[in-house]
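Asks: Quick one: the structure is below, questions incoming.
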Amino acid sequence: MTSATGQTAGHARQSEARVALVGSPNSGKTTLFNALTGLRAKTGNYPGVTVSRYEGAAEVAGRRVVIEDLPGSYSLDPISPDERVLTDVLDPLNAGVQSPDALLVTLDATTMPRSLGLLAQVMQTDFPVCVVLTFTDELTRRQGALDVAALSRAVGVPVLAVTGGRRSDLVALRELLSRPQEWARPVVPPPHAPMEVAAWITSVLSSARYELPEGDARTRRVDAVLLHPVWGTLVFFVTMFAFFQVIFTAAAPLQDAIGSLFAWLGGLANSRISNGLLSSFVSEALLGGVGGVLVFLPQIVLLFLMINLLEGVGYMARAAFLMDRVMSKAGLEGRAFVALLSSVACAVPGIMATRTLPSARDRIATMMGAPLMTCSARLPVYVLLIGLVVPSGAGWGPISAQGATMFGLYLVGALSAMVAAWVFSRLGRSSGPLLPFSMEIPPYRIPSARSVALSTLDAARTFLRKVGKIILVTTIVLWLLLNLPARSTADLQAAGVNPANHTAVSAYVIDHSFGAAVGHAVEPVFQPLGFDWRINIGVLASLSAREVFVATLGQVAAAETPDTPTIALRTMRVEEGPRAGELLFTPPVVAALLLFFLYALQCMSTIAVMRRESGTWRWPAIAFGYMFVLAWVMGLAARLVVGAVT
Amino acid sequence: MSVLSAFLSDRVIAPTGVAGERTSCALSELKPGARARIIDVRDEVDQAVARRLFDLGFRPGVQVDVVRRAPMADPVIFRVAGCELALRRAQARCIRVSLEA
């Protein structure tokens, strides 16, 4: 193994050493990574799998060292694909991924008896190892003790204490990072037979004069309330409800500002570009598309800010603990709750989060349910549709009617996701060992503002990148569909349209566009739900991403009336058939649309990530099929029920 | 399969052979507030499960406290090896313990 490691190191550029961070979840690994690399980190994926790969450069003693943040794990003996990545990276013979030159192992000083087990496994590899002790301040506060120098002598590798990525603590670490080849190596590596490892841990701890800390009193007091069967459950639901109220009330002014900015830019483009078709392309397709998506960035940032804060504080683990029994009813485990909650932001990371589930059956079942959770891409659609039928001022005290309707949609989505997961979990029930369910309940900690900010920014960036690639292209393709074939003045005159009447021209162009043909063609399918060809174009376009629905309807509306989409949509009327002349967006039709968007898998990104995660087209095909049927049936039911009530 | 993972997955977590003492019971039978010492993982438990429990700190001879139960009594939080871990009752049933005062 030594020669193999040497070979790998030879492949790496001499000037850039690679050091990987290994540690269990909650061991302060990511905080250390952020402290070492700062904003220079870049995200990617491990080859063949979608486990996120974080890599960044650190400047140490005038040299650049590449730091890689490996997925957190309690053991190098993998029980999930996530953990397998870690084992693969640490295997010098694995050609698929680049192995590091040295390893930094983060050990939580408050949980040494467990952490040393992981260290013993890491030291079985031939890499130079350096231990970074974290949370030593917490150890002292909780009446524990540890002699760092003695620990270093006992394990035979360098040991440093770094508290919360503090700069003063990092000086010595940076110094060490510049020359990993010189790190002390143990004379005798730790054993690997289980009982010998247990004995090694005991002997190391006694050499280091380790005293186990007392349970965290603060955590115990808080948990007495937050994990209380009644109060804890109540707090959980209040927290989740507050989540959505914040997204709505706090994000609104920012969204208005972005909306106005793009309206102003569109006006500017219109006045500066003389060519009619080009100016309409720039203001409506380009600026309209970008603005219509950017406007929802405040909500996404707020959502991720709250998720990351709750995660950093330690509440997410508690939420999973509280929800475990309920999730087990859906045939899942508490951790699937985190995957489903991530799907509230976007089904793509949610489906990726399913790899933290050790059982393949749980993964598939969660994937089949996750897209039904209300993702952020549905928000624009819901906001638009709710805004059409629920007045913005209505409400009860501090609770707005629009917010309450939204909460109801979230609730129905969540329940449907659970039912779907349960069904697929039942269908997929097969033999095989039941992998152990375990979940660490970390002490409450104040998260580092830097870590929260970095992961929030990362989420926003990912959303924007996805937006840039798919939404913008779709908006442009759609604009082309809705505006082509281009009509010459002669065409218009031949059709009896006055070329000077701008509104009439737009209406004529849209009515005879390629997109209209598609919308008309699928009318029989959606006619029972009350959708006309214009809604159909939006529904079809939203296949690339749900939020495109808004941009499309906005475009359809803007092409007919030069006002803002909502006002234009509110006055849109049915053009033909028995309902001709009536308002198009009546409460029953809006209800059908809401339910259709709640259930339909209108998202190519989700389909793509599902294909990657399940390794076959079978699951995304099944998901798309069952969700479309469900969406159609539920949409029809909603239209009939709301039609009967109103 | 790397040398290392082959190495680790070959580990055998065997019962310690300590005969059923008067006070021995399954970890799942304890009430919150109870303190016990781990004897071993039951014989019939799948080895992958046994290895993971070992790596999580549920090792023979280690002291374990029952901290609290979730609503509807499952899962249960245990304090072991300095940290709090939630296990489902199904897993806690696999672990044999002897009660401490």
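Asks: For the range A:129-139, state whether one or more residues are over 35 Å from the mean Cα position of the chain (by Cα), away from every other protein chain (no Cβ under 13 Å) and crowded, with 21+ Cβ neighbours inside 10 Å.
Replies: no
Asks: Related question: In the range A:86-101, is there at least one residue being farther than 16 Å from A:PRO189 by Cβ, touching a residue at least 24 places away in the same chain (Cβ under 8 Å), more than 9 Å from chain B (Cβ to nearest Cβ) and in a helix (DSSP H, G or I)?
Replies: yes
One line per residue, one yes/no per condition, for (1) among the basic types (Lys, Arg); (2) under 23 Å from A:CYS130 (Cβ atoms); (3) in contact (Cβ under 8 Å) with a residue 12 or more places away in the chain:
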residue	(1), (2), (3)
A:VAL155	no, yes, yes
A:LEU160	no, yes, yes
A:LEU177	no, yes, yes
A:GLN181	no, yes, yes
A:HIS192	no, yes, yes
A:ILE201	no, yes, yes
A:GLU211	no, no, yes
A:THR219	no, no, yes
A:ALA224	no, no, no
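Asks: Among (1) in contact with a Gly (Cβ under 9 Å, 6 or more places away or on another chain); (2) more than 10 Å from chain B (Cβ to nearest Cβ), there is one condition A:ARG114 misses while meeting the rest; what is its number?
Replies: Of (1) in contact with a Gly (Cβ under 9 Å, 6 or more places away or on another chain); (2) more than 10 Å from chain B (Cβ to nearest Cβ), only one is false for A:ARG114: (2).
Asks: Could I ask something else about it? Got a number for residues in the range A:421-443 being at pLDDT 85 or above and either away from every other protein chain (no Cβ under 14 Å) or within 23 Å of the chain's Cα centre (by Cα) (or both)?
Replies: Final tally of qualifying residues: 7.
Asks: Right, another one. What is the one condition in (1) farther than 28 Å from B:ALA81 by Cβ; (2) more than 33 Å from the chain's Cα centre (by Cα) that A:TRP183 does not satisfy?
Replies: (1)
Asks: Just wondering, is there one or more residues in the range A:580-593 that are in contact (Cβ under 8 Å) with a residue 24 or more places away in the chain, more than 19 Å from A:LEU385 (Cβ to Cβ) and surrounded by fewer than 21 Cβ atoms within 10 Å (Cβ to Cβ)?
Replies: There is no residue in the range A:580-593 that is in contact (Cβ under 8 Å) with a residue 24 or more places away in the chain, more than 19 Å from A:LEU385 (Cβ to Cβ) and surrounded by fewer than 21 Cβ atoms within 10 Å (Cβ to Cβ).
Asks: While we're here: Identify, by number, the condition in (1) within 14 Å of chain B (Cβ to nearest Cβ); (2) surrounded by 20 or more Cβ atoms within 10 Å (Cβ to Cβ); (3) at pLDDT 80 or above; (4) assigned to a loop (DSSP other than H, G, I, E, B) that A:PRO25 doesn't meet.
Replies: (2)
Asks: Another question, then. Here are some conditions: (1) out of contact with any Lys or Arg (no Cβ under 6 Å at 6 or more places or on another chain); (2) at pLDDT 75 or above. A:ALA558 meets all but one. Which one does it not meet?
Replies: All conditions are met except number (2).
Asks: Hey, does the range A:179-202 have a residue that's of a type in the set (Ser, Thr, Tyr), assigned to a loop (DSSP other than H, G, I, E, B) and out of contact with any Pro (no Cβ under 8 Å at 6 or more places or on another chain)?
Replies: No: zero hits.
Asks: Can you name the condition, by its number, that A:PRO229 falls short on among (1) within 9 Å of chain B (Cβ to nearest Cβ); (2) surrounded by 18 or more Cβ atoms within 10 Å (Cβ to Cβ)?
Replies: Of everything listed in (1) within 9 Å of chain B (Cβ to nearest Cβ); (2) surrounded by 18 or more Cβ atoms within 10 Å (Cβ to Cβ), A:PRO229 misses just condition (2).
Asks: Which residues, taken from the range B:53-68, are more than 14 Å from A:MET439 (Cβ to Cβ) and of a type in the set (Lys, Arg)?
Replies: Within the range B:53-68, B:ARG59 is the sole residue that qualifies.
Asks: Within the range A:35-48, is even one residue modelled with pLDDT of 75 or more, in contact with an Asp or Glu (Cβ under 6 Å, 6 or more places away or on another chain) and under 18 Å from A:THR134 (Cα atoms)?
Replies: no
Asks: Taking the range B:68-93 as the search range and keeping residues that are more than 7 Å from chain A (Cβ to nearest Cβ) and crowded, with 22+ Cβ neighbours inside 10 Å, which one is nearest to B:VAL12 (Cα to Cα)?
Replies: The extreme case among them is B:ALA92.
Asks: Further question on the same structure: With the condition being more than 30 Å from A:ALA592 (Cβ to Cβ), I'd like the helices (runs of 4 or more DSSP H) fully within the range A:298-407 carrying at least 1 qualifying residues.
Replies: In the range A:298-407, the matching helices (runs of 4 or more DSSP H) lie at A:315-329, A:334-345, A:347-353, A:360-369.
Asks: Determine which single condition A:TRP396 fails, assuming it passes every other condition in (1) at pLDDT below 80; (2) under 30 Å from B:LEU53 (Cβ atoms).
Replies: Every listed condition holds for A:TRP396 apart from (2).
Asks: Here is a follow-up. Within the range A:253-279, how many residues turn out to be exposed (fewer than 15 other Cβ atoms within 10 Å of the Cβ), over 30 Å from A:THR405 (Cα atoms) and touching a residue at least 12 places away in the same chain (Cβ under 8 Å)?
Replies: Residues that pass the stated criteria total 2.
Asks: Determine which member of the set A:ALA224, A:ALA199, A:ALA250 is surrounded by fewer than 15 Cβ atoms within 10 Å (Cβ to Cβ), aliphatic (A, V, I, L, M), within 12 Å of another protein chain (Cβ to nearest Cβ) and over 21 Å from A:PRO443 (Cα atoms).
Replies: Going through A:ALA224, A:ALA199, A:ALA250 in turn, just one is surrounded by fewer than 15 Cβ atoms within 10 Å (Cβ to Cβ), aliphatic (A, V, I, L, M), within 12 Å of another protein chain (Cβ to nearest Cβ) and over 21 Å from A:PRO443 (Cα atoms): A:ALA199.
Asks: Select from the range A:166-178 the residues that are part of a helix (DSSP H, G or I), surrounded by 12 or more Cβ atoms within 10 Å (Cβ to Cβ) and among the small types (Gly, Ala, Ser) and list them in ascending order.
Replies: A:ALA172
Asks: Let me ask something else about it. How many residues, within the range B:58-67, are farther than 17 Å from B:ARG89 by Cα and either surrounded by fewer than 23 Cβ atoms within 10 Å (Cβ to Cβ) or touching a Cys at 6+ places or on another chain (Cβ under 7 Å) (or both)?
Replies: Counting residues in the range B:58-67 that are farther than 17 Å from B:ARG89 by Cα and either surrounded by fewer than 23 Cβ atoms within 10 Å (Cβ to Cβ) or touching a Cys at 6+ places or on another chain (Cβ under 7 Å) (or both) gives 4.
The values are calculated or read from the model by the stated rules, or taken from the named source; none is laboratory data. Computed from a prediction, not measured in an experiment: that's the story for all the values here. Backbone-built Cβ (ideal geometry, glycine too); neighbour counts: all protein chains shown.
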